[in-house]
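Q: Got a structure here, written out as structure tokens. Questions coming.
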Amino acid sequence: GVEAQTLAEVWPLISFLFTEPVDDEKAWRKVMKPELAAVLAREREVIATVEPFDPAALERELRALLEEEGVGAGKGLQPIRVAITGTNISPGIFESLVALGRERSLRRIDRALERLRDSSGEDSPAQG
């Protein structure tokens, strides 16, 4: 049988639903490439407007967008995951968006886009 996971094991995966995410800097650097800012901005539009706001509709619309952009799902969906959870490990991304809710998801994506745009300008000397 499947062993029940303890809360200690599950909490890191679901804590984003209850607390503002703390960005995992390693995940951020790996996933949040400046060239993906435009794709994330378009994904944000889909998340803002898709009806019904459920995992199936989100998956259909987001995958169609990525196909149009010529971006693989892995690379294209990870920025949403990092934006809403702070890390690149989470339960299913479409379910995560629905669980978090449209408004909170959009706020977190806006925050990530802002940070992406800031970082795509001049690299601060502190980077290195």
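Q: Name, by its number, the condition in (1) assigned to a helix (DSSP H, G or I); (2) loosely packed, with under 15 Cβ neighbours inside 10 Å that does not hold for residue 19.
A: Of everything listed in (1) assigned to a helix (DSSP H, G or I); (2) loosely packed, with under 15 Cβ neighbours inside 10 Å, residue 19 misses just condition (1).
Q: Is it the case that residue 94 is among the hydrophobic types (A, V, I, L, M, F, W, C) and part of a loop (DSSP other than H, G, I, E, B)?
A: Numbers: among the hydrophobic types (A, V, I, L, M, F, W, C): yes; part of a loop (DSSP other than H, G, I, E, B): no.
It is false that residue 94 is among the hydrophobic types (A, V, I, L, M, F, W, C) and part of a loop (DSSP other than H, G, I, E, B).
Q: OK, next. Out of all the residues in the stretch 59-76, which are in a loop (DSSP other than H, G, I, E, B) and open to solvent by less than 40 Å² (accessible area, probe 1.4 Å)? Before the answer, list the steps.
A: Step one: of the stretch 59-76, the residues in a loop (DSSP other than H, G, I, E, B) are 70-72.
The one that is in a loop (DSSP other than H, G, I, E, B) and open to solvent by less than 40 Å² (accessible area, probe 1.4 Å): 71.
Q: Can residue 79 be described as in a loop (DSSP other than H, G, I, E, B) and open to solvent by less than 30 Å² (accessible area, probe 1.4 Å)? First the steps, then the outcome.
A: Values: in a loop (DSSP other than H, G, I, E, B): no; open to solvent by less than 30 Å² (accessible area, probe 1.4 Å): yes.
No; evaluated as a whole, the condition is false for this residue.
Q: Report the residue count in the stretch 41-58 for those that are among the basic types (Lys, Arg) and either open to solvent by less than 60 Å² (accessible area, probe 1.4 Å) or farther than 15 Å from residue 78 by Cα (or both).
A: Of the stretch 41-58, the ones among the basic types (Lys, Arg) are 42, 44.
Adding the requirement that they be either open to solvent by less than 60 Å² (accessible area, probe 1.4 Å) or farther than 15 Å from residue 78 by Cα (or both) leaves 44.
The total comes to 1.
Q: Ok, one more. Restricting to the stretch 83-118, and then to whatever is open to solvent by less than 10 Å² (accessible area, probe 1.4 Å) and small (Gly, Ala, Ser), can you tell me which residue is modelled with the lowest pLDDT?
A: Checking each candidate, the answer is 86.
Q: Could you run through the stretch 97-122 and say how many residues are part of a helix (DSSP H, G or I) and closer than 23 Å to residue 56 by Cβ? Steps first, answer last, please.
A: Applying the first criterion (part of a helix (DSSP H, G or I)) to the stretch 97-122 yields 97-100, 102-120.
Keeping just the survivors that are closer than 23 Å to residue 56 by Cβ gives 97-100, 102-106, 108-109.
Residues in the stretch 97-122 being part of a helix (DSSP H, G or I) and closer than 23 Å to residue 56 by Cβ: 11 in total.
Q: On to the next question. Return the only residue of 50, 22 being touching a helix residue (DSSP H, G or I) at 6+ places or on another chain (Cβ under 6 Å) and either of a type in the set (Ser, Thr, Tyr) or within 23 Å of residue 103 (Cβ to Cβ) (or both). Lay out the reasoning, then the answer.
A: Details: 22 fails: touching a helix residue (DSSP H, G or I) at 6+ places or on another chain (Cβ under 6 Å).
Matching residue, one of 50, 22: 50.
Q: Let me confirm something: among 35, 103, 95, which residue is free of Cβ contacts under 8 Å to residues at least 24 places away in the same chain, closer than 20 Å to residue 19 by Cβ and not basic (Lys, Arg)?
A: On the way: 35 fails: closer than 20 Å to residue 19 by Cβ; 95 fails: free of Cβ contacts under 8 Å to residues at least 24 places away in the same chain.
Exactly one of 35, 103, 95 is free of Cβ contacts under 8 Å to residues at least 24 places away in the same chain, closer than 20 Å to residue 19 by Cβ and not basic (Lys, Arg), namely 103.
Q: If you don't mind, there's one more thing I want to ask. Name the one entry in 27, 38 that is open to solvent by 30 Å² or more (accessible area, probe 1.4 Å) and part of a helix (DSSP H, G or I). Let's see the steps before the verdict.
A: Values: 27 fails: open to solvent by 30 Å² or more (accessible area, probe 1.4 Å).
Of the residues listed, the single one that is open to solvent by 30 Å² or more (accessible area, probe 1.4 Å) and part of a helix (DSSP H, G or I) is 38.
The values are calculated or read from the model by the stated rules, or taken from the named source; none is laboratory data. Just so it is clear, the structure is predicted and the values come from calculations on it, not from any experiment. A quick note on method: Cβ atoms are made from the backbone with ideal geometry, for glycine too, and the neighbour counts reach across all protein chains shown. What goes into the accessible areas is simple: the full protein's heavy atoms, side chains included, and nothing from ligands, DNA or RNA. Shrake-Rupley method; radii C 1.70, N 1.55, O 1.52, S 1.80 Å.
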